[in-house]
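*Asks:* Below you will find the structure I want to go over with you.
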2 protein chains.
Amino acid sequence: MNIREVAKRARVSTATVSRTINGSDKVKPATAARVRKAIEELNFLPNTHARTLVSGKSHILGLIISDITNPFFPDLVKSFEDEAVQRGKEIIIGNTDYNAKRMAGCIRRMVERKVDGVAIMTSESDPALLEDLTRRNIPTVFMDTGKPGPHWANIRVDYGQGIREAVHHLVTLNHRRIAFITGPMNLASAQTRCSVFISSLKAHGIFDSALIEKGNHRIEGGAMAMKALLKLPRRPTAVIASNDLTAIGALGAIHEMGLRVPEDISLIGFDDIAFAHLTNPPLTTVVLSRKQLAATALAALDALMQGRRDSLANLTIPTHLVMRSSTRAI
Amino acid sequence: MNIREVAKRARVSTATVSRTINGSDKVKPATAARVRKAIEELNFLPNTHARTLVSGKSHILGLIISDITNPFFPDLVKSFEDEAVQRGKEIIIGNTDYNAKRMAGCIRRMVERKVDGVAIMTSESDPALLEDLTRRNIPTVFMDTGKPGPHWANIRVDYGQGIREAVHHLVTLNHRRIAFITGPMNLASAQTRCSVFISSLKAHGIFDSALIEKGNHRIEGGAMAMKALLKLPRRPTAVIASNDLTAIGALGAIHEMGLRVPEDISLIGFDDIAFAHLTNPPLTTVVLSRKQLAATALAALDALMQGRRDSLANLTIPTHLVMRSSTRAI
DNA sequence: CTGTTAGCGCTTTCAT
DNA sequence: ATGAAAGCGCTAACAG
């Protein structure tokens, strides 16, 4: 079943069928109607591979993420897919599993499938692997990785804003001993969150380096760090975690030690993953909108594909505090 | 950059390059080596669309799910992708959003992209929409939807086993007033869980229809149902929820009423989503392995594509209880 | 407005 | 063991 059968049935040439499908204005309405009828009757759907072959555009977008089971990503994937489908594009997803070899495989698959563009939304990222995309001039948008170039765009996330709001919120609540549980410090984004925390506290004149504890953006890391914090001679009255998973781990540790949130300790997370409002108590956290991130990525990809480099000037995603029930005044 | 440039550089014909790529044994090793060298030097990757066009096989698999942000699915998607990539296949994902129109769109996309097969893992499913897949002889595997046919396979999930284990566990713990919070009763899988629960309780001679409350497989449904249950003159001592989200909602409601799990009420979920062991206390639940589900789906698709209908005989995924800390003896 | 035709990049007979 | 050439389904000149 192909375009020729449709042409035959509508008694026109394949060119006319093609024109009708692609909405060319130079097909006589009556002819177009006949073609559409034939398409309908035969239940014809054009072969995208053939279209890609001749047009050079696959209408496929690649999305490379670290790990779909990391609760940060499902929202992102969904929003990205929504936006893509709205534009008549398909997406193929690559999970790197935080692993360079798999990342290389993802990129290979993207190139083979001739994606029109790719969005790389991993926390980690090895520039060497990305060379292939450059060489083939594949429009690429990064999250927070700062590579400039003719076919590259970079979306920045304003982590600072959310952290400052979190600190301000706690200070307003009279907290002075505020701890921070970091992420893995090889991550630029984790570094930023930590350094903004430090500078915010210094601005308030309440910074104490003993109150910085290292985590790993996972539950157990948060729990371990929190336990260390609770063993301090003068323990903190509030804790900000570098992400929600860390905060959830910290929450567990606090409960385990027989303390309560927010009565004994106030707690703030980061990201606003789906489960952040399902914890007990619901977690006050910093929202990083994946929907906005996805929309911005697709807009950037569009701009890149159309050579509109001007609209790539300032791609920044804000973050902001959302108050729930894990913080309270002392 | 295409196969002709490689051929030119290796001073062979395109046919020889093609044979080399596809591992044909009738290429002289020396020639093959020369070709591989050229491929390497040019960094050539074959165009999958051209290959698909001539071979008729896209090496793409479709995966249709309800909603990637439903915590049941990320694990499934990941396992499915892993298995697919291992087989050298790509996957494209469709989210139906529990919506017939979107489901139709998903199927259309799959057909357009000429997928080699599709796995439909939605809870809901409208047979009429699937006609297109039948007509085009696209191998299709369903989760729990029981459509037989030459190009169809159906994976059953043995919900009963897990529910029976849950009931048995509670009975062993001396519980006699055991409640059940259902899912949406238009879902076959929710119905099964409920009816097995009822028959299990009857088998133990402890069934009380007042202890069945309706939920919707979402958090608030679980919370609402639990509140109703707690208002009963003689409230249950244990509750089984039709899925983990429901159990999490119930847990919140129990806490909200000032009661404790498992001291006052024992609670069991279903699915074992990622957050089931992050609740406080960690949730005793029934595991439905998404990894196994994905592996089985891919095996079934393989069998369908190769016409090995015999290996499709008994595709059943077991479920079993995993004990954590939300249940206790009375 | 419509048809004819030359490819897009690859695989696959069919020759040699 | 290798090459020449046809053709997968479609689009895009070009011609009329």
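*Asks:* Run through the other copies and list how far each one's label point is from that of B:Y98, in nm with one decimal, shortest first; the point sits 7 Å from Cα along Cα-Cβ.
*Replies:* So the label point of B:Y98 gives 3.3 nm to the other copies.
*Asks:* Please work out the FRET efficiency for the pair B:E263 and B:S13, using the Cβ-Cβ distance as r and a Förster radius of 56 Å; give the result to the nearest 0.05.
*Replies:* On the way: r = 78 Å, r/R0 = 1.40.
That gives a FRET efficiency of 0.10.
*Asks:* Pairs A:K26/A:K89; A:K28/A:K114; A:K291/B:K78; B:K8/B:K37: which exceed 23 Å Cα-Cα? Display every interim value, and only then the final one.
*Replies:* On the way: A:K26/A:K89 26 Å; A:K28/A:K114 35 Å; A:K291/B:K78 21 Å; B:K8/B:K37 12 Å.
A:K26/A:K89; A:K28/A:K114, as the Cα separations exceed 23 Å there.
*Asks:* Now for a different question. Taking neighbour Cβ counts within 10 Å as the exposure measure, how do A:D75, B:D271 sort from fewest upward? All intermediate terms of the calculation are to be shown ahead of the outcome.
*Replies:* Values: A:D75 21, B:D271 24.
Listing A:D75, B:D271 from fewest to most nearby Cβ atoms yields A:D75, B:D271.
*Asks:* So between B:T316 and B:I198, what do we pick up on full extension, going 0.36 nm a residue minus the alpha carbon distance?
*Replies:* Numbers: separation 118, 0.36 × 118 = 42.48 nm, distance 2.22 nm.
Computed gain between B:T316 and B:I198 is 40.3 nm.
*Asks:* For chain B, set up a Gaussian network in which alpha carbons nearer than 10 Å are linked by springs, and say which option among B:P139, B:P46, B:P127 fluctuates the most.
*Replies:* B:P46
*Asks:* Looking at the square roots a ≥ b ≥ c of the eigenvalues of the Cα gyration tensor of the stretch B:159-287, which shape do they give, rounded for a/c under 1.5, prolate if a/b is larger than b/c, or oblate?
*Replies:* Details: a/c = 1.26, a/b = 1.10, b/c = 1.14.
Because its axes are fairly even, with a/c under 1.5, the stretch B:159-287 counts as rounded.
*Asks:* For the ranges A:315-323, A:209-217, what's the packing order if you count other beta-carbon atoms within 10 Å of each residue, average per peptide, and put the highest first? Before the final figure, lay out each step's value.
*Replies:* On the way: A:315-323: 17.2, A:209-217: 19.2.
Sorting A:315-323, A:209-217 by mean packing, highest first, produces A:209-217, A:315-323.
*Asks:* Fewest to most neighbouring Cβ within 10 Å: what's the order for A:M121, A:M185? If you can, show how the numbers build up before the last one.
*Replies:* Working: A:M121 25, A:M185 13.
Final ranking by Cβ density, sparse to dense: A:M185, A:M121.
*Asks:* Distances in nm, one decimal, shortest first, from B:K202 to the same residue in every other copy, taking the label point 7 angstrom along Cα→Cβ.
*Replies:* Copy-to-copy label distances for B:K202: 7.2 nm.
*Asks:* Every other copy gets compared here: list the nm distances from the A:A329 label point (7 Å along Cα to Cβ) to its counterparts, shortest first, one decimal.
*Replies:* Ordered by increasing distance: 4.9 nm.
*Asks:* Further, regarding this structure: Magnitude of the Cβ-charge dipole of the stretch B:159-287, K/R +1 and D/E -1, about the Cα centre, nearest 20 debye?
*Replies:* Numbers: 12 positive and 10 negative charges, 89 e Å.
Taking the Cα centre of the stretch B:159-287 as origin, the dipole is about 420 debye.
*Asks:* Highest GNM mean-square fluctuation, chain B, Cα pairs closer than 10 Å: which of B:T96, B:T296, B:T279?
*Replies:* B:T279
*Asks:* For peptide A:111-118, how many partner chain Cβ atoms fall within 10 Å of a residue's Cβ, on average? Can you show the working numbers first?
*Replies:* Working: counts 4, 8, 9, 5, 0, 0, 0, 0.
For this peptide, the per-residue mean of nearby foreign Cβ atoms is 3.
*Asks:* Mind ordering A:187-200, A:231-244 by average Cβ neighbours within 10 Å, highest first? Before the final figure, lay out the partial values.
*Replies:* Details: A:187-200: 19.4, A:231-244: 22.4.
Per-residue mean Cβ counts within 10 Å order the peptides as A:231-244, A:187-200.
*Asks:* Here's something else I'd like to know. Can you quote the Å³ per residue value for the convex hull of the Cα atoms in the protein assembly as shown, rounded to an integer?
*Replies:* Working: hull volume 125.0 nm³, N = 660.
Considering the Cα atoms of the protein assembly as shown, their hull volume per residue is 189 Å³.
A short reminder: the numbers here are calculations on the coordinates, not readings from a lab. Only a predicted model underlies this, so the values are computations on that prediction, with no experimental measurement involved. Positions of Cβ are backbone-derived with ideal geometry, glycine not excepted, and every protein chain shown enters the neighbour counts.
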